[in-house]
Amino acid sequence: RRFRQVMQRLLGSFARRSSSMMHASASSLAARQSSTGVPVASPDTTCIRDQTHRRASVRAFAAQAGPVVQPGPPPPVALVSFTRKGAAKTSDPTDPDAHEVGIVEGGQWLWPVPRSKYPRGMTQLIAALHDAGGADGLSPVDALERERVGDPIPLEHVDLLAPIPNPPSVVCVGKNYLEHVGEVDTHLPGISKTAPPELPIIFTKAPTAVTGPGGGIVFPRNVTDQVDYEGELGVVIGKRGKAIAAEDAFDHVFGYTIVNDVTARDVQKRHQQWYLGKSFDGFAPCGPWIVPKRALVDTEGGADPQRLLIGTVVNGERRQGSDTSKMIFDIRTLIETVSRCMTLRPGDIIATGTPAGVGAGMDPKGWLKVGDVCEVTVSGIGTLSNPVVDWE
């Protein structure tokens, strides 16, 4: 009896201390947010990074049933690369002379930008707008006033390409949502199916994999039969930088887009690294446009990229549904990590990871097949839709 009484007192003391620590942590988080004005990782993200939670077992499961993520109203301003309907098609859409760039107003009217002003295309336009707006970026009105010349054309009169048809780099992040960690098995050292990663898992995709809205996800027959989708938020870099501190990360961000990190799972495992399995032609759909950071509208009416809904639909069936606040490593941390090792340049894209619900995590497996249509939606940006087509 005396032993039970002692244990009850000890457990009660531990519970009170734990509760006190949790309240103190929340208060400290709120104080840091209000004093600096800088978004701070939520308590949920903070606890994920705690070593105790890192040791916790993680099981694979598909995203829970729920409503399909909606894109919301179109952004006030967005940047696009495009060709005019009826124009002669080129064999190399990445050639700046083969397409135009412009600014879309309210999702309806397109203001073409003279090619003579930005002969190198979208990356040059991004760098110029970023320099003009400084760390805070141009307001949507200022961006329009700066580049708007002539008369607009209806958006439906053009075919949209990937907003950056030939990005300098496509940097990707693996297993960056807790619920996705256990969905995909890998055999690389230091990558576990049972615990969140200690550090961001960074890899790249070939720029030649990029395709735009409506572009085909090419199914490479006789090479793979396990083609999978991964809907992700893409961060577009606007300012060159190396060894960028986390607190300065958003000074280098121009805006945001949507990326589908399509993957051949069997090829990914077969080669013991991810580059080949993720770099087939058409395996990096991007678009439909780039939303400048000050034009982004999050779920609370602000402009925080860590407060966006994200989801994927295949043939009308909901597969993924989450929000960007659930990233294990936030955007600041990703930019700091990547820039320690490589120089980031205007036009670089960082795909920030995918939530649960990929085909590999389903039972039976939900692999893509020829004829499917895969749609990724991020609130505040829009929807990126791509058909799966045969390898001709």
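Looking only at the stretch 95-112, which residues are part of a strand (DSSP E or B) and aliphatic (A, V, I, L, M)? Break it down stepwise before answering.
Restricting attention to the stretch 95-112, the residues satisfying the condition of being part of a strand (DSSP E or B) are 100-105, 109-112.
Across the stretch 95-112, the qualifying residues are VAL101, ILE103, VAL104, LEU110.
Against the conditions (1) more than 30 Å from ASN315 (Cα to Cα); (2) hydrophobic (A, V, I, L, M, F, W, C); (3) at pLDDT 90 or above; (4) open to solvent by 30 Å² or more (accessible area, probe 1.4 Å), VAL68 satisfies every one except (1). The single residue among VAL227, VAL210, VAL218 that is surrounded by 22 or more Cβ atoms within 10 Å (Cβ to Cβ), touching a Phe, Trp or Tyr at 6+ places or on another chain (Cβ under 7 Å), among the hydrophobic types (A, V, I, L, M, F, W, C) and touching a residue at least 60 places away in the same chain (Cβ under 8 Å) turns out to be VAL227.
Report yes if ASP348 is in contact with a strand residue (DSSP E or B) (Cβ under 6 Å, 6 or more places away or on another chain), within 19 Å of PRO75 (Cα to Cα), surrounded by 19 or more Cβ atoms within 10 Å (Cβ to Cβ) and of a type in the set (Asp, Glu), otherwise no.
no
Being over 20 Å from PRO168 (Cβ atoms) and among the hydroxyl-bearing types (Ser, Thr, Tyr) narrows it down to one of THR343, THR352, THR337, THR324, so name that one. Spell out how you get there, then give the answer.
Numbers: THR343 fails: over 20 Å from PRO168 (Cβ atoms); THR352 fails: over 20 Å from PRO168 (Cβ atoms); THR337 fails: over 20 Å from PRO168 (Cβ atoms).
Every option except THR324 fails the conditions.
Taking the criterion of being part of a loop (DSSP other than H, G, I, E, B) and among the small types (Gly, Ala, Ser), the residues of the stretch 113-129 that qualify are SER116, GLY121. Summed over the stretch 282-314, residues that are touching a Ser or Thr at 6+ places or on another chain (Cβ under 8 Å) and of a type in the set (D, E, K, R) total 3.
Between ASP159, ASP92, the distinction of being among the acidic types (Asp, Glu), open to solvent by 10 Å² or more (accessible area, probe 1.4 Å), part of a strand (DSSP E or B) and over 30 Å from LYS269 (Cβ atoms) belongs to ASP159 only.
Of all residues in the stretch 270-294, which are in contact with a Phe, Trp or Tyr (Cβ under 8 Å, 6 or more places away or on another chain) and among the polar types (S, T, N, Q)? Don't jump to the end; show me each part of the working.
Looking only at the stretch 270-294, we keep the residues that are in contact with a Phe, Trp or Tyr (Cβ under 8 Å, 6 or more places away or on another chain), and these are 273-275, 278, 290-293.
Correct list: GLN273 only.
For THR224, the requirement of being in contact with a helix residue (DSSP H, G or I) (Cβ under 9 Å, 6 or more places away or on another chain) and more than 23 Å from ASP323 (Cα to Cα) is met.
Here the stretch 276-315 is the region considered, the condition is being small (Gly, Ala, Ser) and either in contact (Cβ under 8 Å) with a residue 40 or more places away in the chain or in contact with a strand residue (DSSP E or B) (Cβ under 6 Å, 6 or more places away or on another chain) (or both), and the residue that is farthest from GLU232 (Cα to Cα) is ALA295. Could you please let me know if ILE290 is under 20 Å from the mean Cα position of the chain (by Cα), open to solvent by less than 40 Å² (accessible area, probe 1.4 Å) and over 24 Å from CYS374 (Cβ atoms)? In short, no. Candidates are the residues of the stretch 259-274 that are in a strand (DSSP E or B) and hydrophobic (A, V, I, L, M, F, W, C); the one that is nearest to SER81 (Cα to Cα) is VAL259.
Anything in the stretch 79-135 that is aromatic (Phe, Trp, Tyr) and over 23 Å from the mean Cα position of the chain (by Cα)? List them, or say none.
Initially, the stretch 79-135 is screened for residues aromatic (Phe, Trp, Tyr), giving 82, 109, 111, 118.
Within the stretch 79-135, TRP109, TRP111, TYR118 meet the criteria.
Is there a residue being in contact with an Asp or Glu (Cβ under 6 Å, 6 or more places away or on another chain), surrounded by 24 or more Cβ atoms within 10 Å (Cβ to Cβ), of a type outside the set (Gly, Ala, Ser) and under 21 Å from PRO167 (Cα atoms) anywhere in the stretch 332-339? No, that holds for no residue. Take the conditions within 17 Å of GLY174 (Cβ to Cβ) and either open to solvent by 30 Å² or more (accessible area, probe 1.4 Å) or out of contact with any Phe, Trp or Tyr (no Cβ under 6 Å at 6 or more places or on another chain) (or both) and apply them to VAL267. Does it pass? Yes.
Which one of these is over 21 Å from VAL259 (Cβ atoms), small (Gly, Ala, Ser) and in a loop (DSSP other than H, G, I, E, B): GLY133, GLY150? The unique qualifying residue is GLY150. Return the only residue of GLY277, GLY282, GLY301 being in a loop (DSSP other than H, G, I, E, B), of a type outside the set (Ser, Thr, Tyr) and farther than 26 Å from PRO76 by Cβ. GLY282 is the lone residue from the list that is in a loop (DSSP other than H, G, I, E, B), of a type outside the set (Ser, Thr, Tyr) and farther than 26 Å from PRO76 by Cβ.
Going by the structure shown, is ALA143 of a type in the set (A, V, I, L, M, F, W, C), surrounded by 21 or more Cβ atoms within 10 Å (Cβ to Cβ), modelled with pLDDT under 95 and in a helix (DSSP H, G or I)? Let's see the steps before the verdict.
Details: of a type in the set (A, V, I, L, M, F, W, C): yes; surrounded by 21 or more Cβ atoms within 10 Å (Cβ to Cβ): yes; modelled with pLDDT under 95: yes; in a helix (DSSP H, G or I): yes.
Here the answer is yes, as ALA143 does meet what is asked.
Residues in the stretch 104-136 that are aliphatic (A, V, I, L, M), open to solvent by less than 20 Å² (accessible area, probe 1.4 Å) and in contact with a helix residue (DSSP H, G or I) (Cβ under 7 Å, 6 or more places away or on another chain): VAL104, LEU110, VAL113, LEU129.
The values are calculated or read from the model by the stated rules, or taken from the named source; none is laboratory data. Since we're looking at a predicted model, the values are computed, not measured. With ideal geometry, Cβ positions are generated from the backbone for all residues, glycine too; neighbour counts draw on all protein chains shown. Keep in mind that these areas ignore ligands, DNA and RNA; they rest on the heavy atoms of the full protein, side chains included. Shrake-Rupley method; radii C 1.70, N 1.55, O 1.52, S 1.80 Å.
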